[in-house]
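Colleague: Let me begin by handing over the structure; questions about it come next.
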Amino acid sequence: MGNVFRKLTINKVEKKRYNDEELIEGLRQGDDKILNFLYKNYYGIVRSMVLKTSGNEDQARDIFQEVIIVIYNKLQNNKFKITSSFFTFFYAVMKNTWLNYRKVSKKNPLGFAYNLNDEISFDKHVDEIELLTTRALRNQLFMAHFKQLTVGCQSILRLFMTDHSAEDIALKLDLKSANYVRKRKSNCLSTLIERIRKDSIFKELI
């Protein structure tokens with residue numbers, strides 16, 4: 001499940017329909033046939049919503065993949081139950097994921113990273129205001145490296161950037177504890193900042 005789209009290279013798509021129980025169990029097991037079926041029958045819904053709300057094709061693919069990962073992770077907990085139809089549950093996760101994505105994109109994500117003084121320290125002679133010259137470059141630089149993080153890291157950082165607590169994130173992503181979330185967040189953010197620091201564009205903007 002590291003990259004759903006590696007499993008979605010469809011040569012011949014089965015015409016079979018699946019009921020909710022088959023979809024849930026197949027997704028829990030990471031079954032290629034179910035993943036292919038979901039891509040063929042559910043990706044269009046994601047694409048339509050994203051494009052109608054000023055998104056693009058790349059974002060639609062990212063959102064679809066993240067929705068599948070979120071549901072897959074939740075299904076690994078045997079105590080978790082989907083109480084609605086699978087489609088209703090998928091649609092709710094999709095809307096929430098896209099809403100969070102759009103909230104993050106409207107913020108100053110690189111500024112978010114720089115303001116975490118407990119995790120990032122710059123040289124004292126560097127004026128924070130002069131680190132980046134334009135909002136566009138800041139967002140482009142951040143997103144270029146953000147997208148290179150694992151899906152898990154992206155999900156955790158997105159939720160932190162939309163003011164979710166570690167406890168909320170652990171619950172939403174079905175992770176074992178708030179302390180684990182904080183540790184993952186610190187590691188993910190350190191990786192992200194290190195990559196940004198090494199980028200030639202960042203060095204030119206300091």
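Colleague: Read through the list (1) within 15 Å of Asp62 (Cβ to Cβ); (2) surrounded by fewer than 19 Cβ atoms within 10 Å (Cβ to Cβ), then give the number of the only condition that Phe146 fails.
Modeller: Evaluating Phe146 over (1) within 15 Å of Asp62 (Cβ to Cβ); (2) surrounded by fewer than 19 Cβ atoms within 10 Å (Cβ to Cβ) leaves (2) as the failure.
Colleague: For Ile63, state whether it is assigned to a helix (DSSP H, G or I) and on the phi < 0 side of the Ramachandran plot.
Modeller: Judged against the criteria, Ile63 is a match.
Colleague: Which residue is nearest to Gln76 (Cα to Cα), if the candidates are limited to the range 145-174 and must be of a type in the set (D, E, K, R) and part of a helix (DSSP H, G or I)?
Modeller: Ranking the candidates gives Lys172 first.
Colleague: Going by the structure shown, is Ser85 modelled with pLDDT of 90 or more, over 20 Å from the mean Cα position of the chain (by Cα) and surrounded by fewer than 19 Cβ atoms within 10 Å (Cβ to Cβ)?
Modeller: yes
Colleague: Mind checking whether some residue in the range 22-40 is within 23 Å of Phe160 (Cα to Cα), touching a Phe, Trp or Tyr at 6+ places or on another chain (Cβ under 6 Å) and part of a helix (DSSP H, G or I)?
Modeller: No, every residue in the range 22-40 fails to be within 23 Å of Phe160 (Cα to Cα), touching a Phe, Trp or Tyr at 6+ places or on another chain (Cβ under 6 Å) and part of a helix (DSSP H, G or I).
The values are calculated or read from the model by the stated rules, or taken from the named source; none is laboratory data. Note that this is a predicted model, so its numbers are computed, not measured. For neighbour counting, all protein chains shown are included, and Cβ atoms are generated from backbone atoms with ideal geometry for every residue, glycine included.
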